[in-house]
Amino acid sequence: MSSAESRTKLSPEEVVTVALTLDPTTVASFAVQPGASGAIDQITAEVIRSAMETVCFEMATFVSRTATTPILNQSNERNATVHDWRGRLAALSVGIPQFMLSATLPIDFAIEFLGEELYPGDVLVANDPYHGGGHLPDFNVFAPVFHPRADGTDELVLIASIQCHHGDTGGAMAGGYNVFAKDIWSEGTRYPLLKIFERGKERRDVVLTMRANNRIGGFVGDLRAQVGAAQLGVERLGQVIERYGPETVKAACDHVIEDTKRRFRSEIAAWPDGTYEADAYVDADPMGNTDIHVHVAVTVEGERLIVDFDGSDTRPHIQAWSTFGNTRGQVVAQIASLVDPNIAKNQGFFECIELAVPLGCCLNPVEGKPVSAGTHHPGVEVCDAIALAFAQLIPERVCPQSYKYGAPRQMWGDVDPRTGRPFFDHGGEVNAGWVNGVKGVDGWGALVASNGNLIKASAEINETIFPHFLRGRNYITDSGGAGQWRGGCGSLFMKEARTPTYISQYVVNQYRTHPGIAGGANGAPDTCYLKVGGPAEAVVRVDPSVTGVLLETGERLVYHFGGGGGWGDALLRDPSAVLEDVWDEYVSVEGARRDYGVVVTGTVADMDLALDLPATEVMRAELRAARPSGTSSGGSLSGAS
């Protein structure tokens with residue numbers, strides 16, 4: 001640990017003592033750090049970084065309070081970032097990590113394409129996956145922040161960016177997730193780069209065009225919420241520049257990026273040199289092409305970190321494509337989760353990772369391939385593969401930053417009987433699943449860490465907006481992956497239609513399930529059934545996808561969300577922790593015996609559960625003896641593979 005880092009752990013009295021005993025040379029080493037834009041003291045640099053992060057938080061909150069649709073004003077699927085004059089990521093605050101980290105490339109393209117045609121008062125919008133984006137529903141709205149020079153010209157200093165998921169993109173299918181699209185144009189309208197405001201004036205022709213290419217009435221309201229957030233970011237960042245001066249702000253950006261690089265490289269240097277390979281799979285793409293393959297080789301050489309995806313799926317006919325920008329964001333999000341969380345998340349991470357993603361593989365498609373579902377799968381399997389590779393290296397730090405949504409559920413109908421109007425539900429309700437255990441902590445809660453501050457809307461809110469009833473929200477016993485630290489439970493979700501409702505759904509994690517780490521078992525699989533409650537012969541199991549299935553009034557969608565993977569050998573779990581899990585109905589009496597070798601007597605119903613420790617010792621010895629030589633628990637729960 002450096003002396004600068006260790007000082008943060010001292011009491012105020014100790015800090016004073018240290019300060020009095022430091023010689024002037026040591027003090028100077030803390031005070032001034034040179035950067036490309038000049039010298040800056042660390043305190044000022046950190047104050048400016050904190051200010052930029054606060055602006056990010058304010059921009060994101062602005063969207064949540066002004067947007068018109070639930071995916072933004074309830075679920076908070078918005079991501080705010082600040083970039084420097086060269087487009088480098090300088091600060092972020094709240095949002096979904098992978099998507100905040102994919103915001104840089106569209107801004108890089110704008111700077112390169114427009115150059116001197118960026119002006120004060122401009123606000124731009126982009127959503128094109130093949131100009132740096134992830135998939136069409138994610139609209140990136142950003143605005144340059146200028147400062148006037150003495151000669152009357154304007155200097156570009158920062159860029160405020162706010163990325164939001166929108167509920168429709170045009171195209172052949174409502175909702176922005178046309179998982180059966182043959183190309184990107186069937187998925188929706190591409191906007192590589194548009195000025196929605198120029199020199200402070202709204203481009204009404206652009207707004208009209210965008211409105212004409214979207215089915216949802218609230219689209220323009222959401223878009224204007226983004227524009228307002230970007231303009232607020234410009235105002236707040238302008239105040240920071242006015243207070244400290246443009247050169248100081250630029251120097252602060254240089255400093256925080258260099259500081260991230262220095263600290264991240266010091267972590268890399270502490271890892272054992274070598275190449276660590278791993279594989280992850282998606283059950284199938286929406287068309288049923290099975291075992292979409294992600295292969296990674298992670299190489300550590302001193303301070304160098306090389307991440308190479310050569311060997312990943314190259315079948316040209318599959319429909320599982322993650323764009324380079326999305327893949328890049330997933331890589332950094334997973335690796336950033338493995339190191340000191342106090343390292344600022346900015347361009348420094350990107351500059352320390354040598355990334356190789358062959359053009360034409362499923363993680364870097366040639367232009368034109370459909371990518372709506374691929375942002376999720378194989379996008380998040382990038383994180384699974386990297387996590388499994390690093391589990392060979394630093395297992396105590398590893399938790400896969402992934403989820404198994406498939407594609408967000410789309411439900412729509414011609415008439416909501418309460419309003420007489422059409423409706424479109426993006427499937428934004430609370431889910432619980434895929435939460436991994438980590439060393440020292442069981443999986444817990446309803447949302448995986450990779451969702452960031454995403455909030456899934458409550459049943460009460462959704463039932464007031466859409467003509468559905470939520471009939472079930474319960475954890476599923478024995479669904480969390482067994483381990484020394486147990487994976488979080490999956491959950492049962494039941495949704496009943498109150499009026500004829502069409503549904504499209506893509507389901508993964510049915511066979512290739514959420515991975516355990518360090519010998520922990522995989523989580524239980526996902527399953528989804530439609531038209532439950534109607535004629536038995538009409539019930540549909542989704543495997544892997546359906547589109548436009550009609551739920552009649554009173555019929556249900558029944559979804560079993562899978563569990564998270566466990567961490568470590570399940571036979572090392574404290575038997576008293578297993579007993580607590582049985583009391584909480586996370587684990588059954590039978591599951592305690594089968595998966596943990598823990599013998600529990602009694603029942604929850606009779607309130608007489610107890611540990612039989614002598615029988616537990618015998619059971620665990622038998623289970624260990626039955627294992628293949630050199631293995632721990634590993635594997636999957638019954639029903640998973």
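The values are calculated or read from the model by the stated rules, or taken from the named source; none is laboratory data. On a predicted model such as this, the values are computed, not experimentally measured, just so you know. With ideal geometry, Cβ positions are generated from the backbone for all residues, glycine too; neighbour counts draw on all protein chains shown. For accessibility, only protein heavy atoms count, side chains too; no ligands or nucleic acids. Shrake-Rupley method; radii C 1.70, N 1.55, O 1.52, S 1.80 Å.
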### Query
When only residues in the stretch 82-131 that are within 24 Å of LEU454 (Cα to Cα) and of a type in the set (Ser, Thr, Tyr) count, which is surrounded by the most Cβ atoms within 10 Å (Cβ to Cβ)?
SER102
### Query
Based on what the data block shows, is PRO408 at pLDDT 95 or above and not hydrophobic (A, V, I, L, M, F, W, C)?
no
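Quick grid of which residues meet (1) in contact with a Lys or Arg (Cβ under 6 Å, 6 or more places away or on another chain); (2) open to solvent by 10 Å² or more (accessible area, probe 1.4 Å); (3) of a type in the set (A, V, I, L, M, F, W, C):
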| site | (1), (2), (3) |
| --- | --- |
| THR327 | no, no, no |
| VAL332 | no, no, yes |
| ASN346 | no, no, no |
| LEU355 | no, yes, yes |
| ALA373 | no, no, yes |
| GLY379 | no, no, no |
### Task
Please enumerate the residues belonging to the stretch 413-460 that are more than 21 Å from the chain's Cα centre (by Cα) and part of a strand (DSSP E or B).
GLY413, ASP414, VAL415, ASP416, ARG421, PRO422, PHE423, PHE424, ASP425
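In the stretch 284-301, how many residues are of a type in the set (Asp, Glu) and crowded, with 24+ Cβ neighbours inside 10 Å? I'd like the intermediate steps shown before the answer.
The initial filter retains those residues of the stretch 284-301 that are of a type in the set (Asp, Glu), namely 285, 291, 301.
Next, only the ones that are crowded, with 24+ Cβ neighbours inside 10 Å stay: 285.
The number of residues fulfilling the criteria is 1.
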### Message
So, in the stretch 71-120, how many residues would count as being part of a loop (DSSP other than H, G, I, E, B) and closer than 30 Å to GLU429 by Cβ?
### Response
11
## Note on the structure
Exactly one of ALA385, ALA391 is open to solvent by 20 Å² or more (accessible area, probe 1.4 Å) and more than 28 Å from VAL82 (Cα to Cα), and that residue is ALA391
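Conditions (1) at pLDDT 90 or above; (2) aliphatic (A, V, I, L, M), marked per residue:
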site: LYS439; (1), (2): yes, no
site: SER450; (1), (2): no, no
site: ALA459; (1), (2): no, yes
site: ASN474; (1), (2): yes, no
site: LYS495; (1), (2): yes, no
### Query
Got at least one residue in the stretch 405-420 being open to solvent by 20 Å² or more (accessible area, probe 1.4 Å) and farther than 25 Å from GLY548 by Cβ?
no
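Only one of these is in contact (Cβ under 8 Å) with a residue 12 or more places away in the chain and open to solvent by 50 Å² or more (accessible area, probe 1.4 Å): ARG486, ARG471. Name it. Show your work before the answer.
Details: ARG486 fails: open to solvent by 50 Å² or more (accessible area, probe 1.4 Å).
One residue alone meets the criteria, ARG471.
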### Task
Check ARG627 against each of (1) farther than 30 Å from GLN319 by Cβ; (2) at pLDDT 95 or above and name the one condition it does not meet.
(2)
## Note on the structure
Residue count, the stretch 135-176, condition closer than 22 Å to CYS56 by Cα, open to solvent by 10 Å² or more (accessible area, probe 1.4 Å) and in contact with a Phe, Trp or Tyr (Cβ under 7 Å, 6 or more places away or on another chain), comes to 4
### Query
Do we have ALA605 as surrounded by fewer than 24 Cβ atoms within 10 Å (Cβ to Cβ) and over 28 Å from ARG473 (Cβ atoms) here?
no
#### Entry: Residue under evaluation ALA432, criteria (1) out of contact with any strand residue (DSSP E or B) (no Cβ under 6 Å at 6 or more places or on another chain); (2) within 25 Å of GLY176 (Cα to Cα); (3) not acidic (Asp, Glu), criterion not met
(1)
#### Entry: Cβ-Cβ under 6 Å pairs, at least 6 apart or on other chains, the stretch 573-589 side surrounded by 16 or more Cβ atoms within 10 Å (Cβ to Cβ) and part of a helix (DSSP H, G or I), far side modelled with pLDDT of 95 or more and aromatic (Phe, Trp, Tyr)
VAL578/TYR596
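Would the stretch 367-374 turn up any residue that is of a type in the set (A, V, I, L, M, F, W, C), touching a residue at least 40 places away in the same chain (Cβ under 8 Å) and under 23 Å from THR547 (Cβ atoms)?
yes
Determine if the stretch 177-186 includes at least one residue that is hydroxyl-bearing (Ser, Thr, Tyr), open to solvent by 20 Å² or more (accessible area, probe 1.4 Å), in contact (Cβ under 8 Å) with a residue 40 or more places away in the chain and farther than 18 Å from ARG88 by Cβ. Reasoning before the result, please.
Within the stretch 177-186, the first condition is being hydroxyl-bearing (Ser, Thr, Tyr), and the residues that meet it are 177, 186.
From what's left, open to solvent by 20 Å² or more (accessible area, probe 1.4 Å): 186.
Of the ones still in play, those that are also in contact (Cβ under 8 Å) with a residue 40 or more places away in the chain are 186.
Filter once more, so that each one left must be farther than 18 Å from ARG88 by Cβ: 186.
The answer is yes; a qualifying residue exists.
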### Query
Restricting the search to the stretch 385-412, which residues are touching an Asp or Glu at 6+ places or on another chain (Cβ under 9 Å) and either on the phi > 0 side of the Ramachandran plot or not in a loop (DSSP other than H, G, I, E, B) (or both)?
ALA385, LEU388, ALA389, GLY406, ARG409, GLN410, MET411, TRP412
### Message
I'm told GLN226 meets every condition in (1) polar (S, T, N, Q); (2) surrounded by fewer than 18 Cβ atoms within 10 Å (Cβ to Cβ); (3) at pLDDT 95 or above except one. Can you identify the failing condition by its number?
### Response
(2)
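Looking only at the stretch 517-539, count how many residues are within 21 Å of ASN431 (Cα to Cα) and either among the acidic types (Asp, Glu) or open to solvent by less than 40 Å² (accessible area, probe 1.4 Å) (or both). Give the derivation first.
To start, the set of residues in the stretch 517-539 that are within 21 Å of ASN431 (Cα to Cα) comprises 522-532.
Right, trim to either among the acidic types (Asp, Glu) or open to solvent by less than 40 Å² (accessible area, probe 1.4 Å) (or both) and you get 522-528, 530-531.
Total meeting the criteria: 9.
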### Message
I'd like the full set of residues that are under 29 Å from the mean Cα position of the chain (by Cα), open to solvent by 50 Å² or more (accessible area, probe 1.4 Å) and of a type in the set (Lys, Arg), limited to the stretch 191-214.
### Response
ARG211
#### Entry: Exclusive hit being among the hydrophobic types (A, V, I, L, M, F, W, C), open to solvent by 40 Å² or more (accessible area, probe 1.4 Å), out of contact with any helix residue (DSSP H, G or I) (no Cβ under 9 Å at 6 or more places or on another chain) and part of a strand (DSSP E or B), set LEU550, LEU557
LEU550
### Message
Checking the structure you have, find out if any residue of the stretch 555-567 is more than 30 Å from GLN401 (Cα to Cα) and either of a type outside the set (Val, Ile, Thr) or touching a residue at least 60 places away in the same chain (Cβ under 8 Å) (or both).
### Response
yes
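Can you confirm whether the stretch 500-516 contains a residue that is assigned to a loop (DSSP other than H, G, I, E, B) and among the small types (Gly, Ala, Ser)?
Of the stretch 500-516, the ones assigned to a loop (DSSP other than H, G, I, E, B) are 500, 507-516.
After this cut, where a residue has to be among the small types (Gly, Ala, Ser) as well, the list is 516.
Checked against the condition, which is being assigned to a loop (DSSP other than H, G, I, E, B) and among the small types (Gly, Ala, Ser), the stretch 500-516 yields at least one hit.
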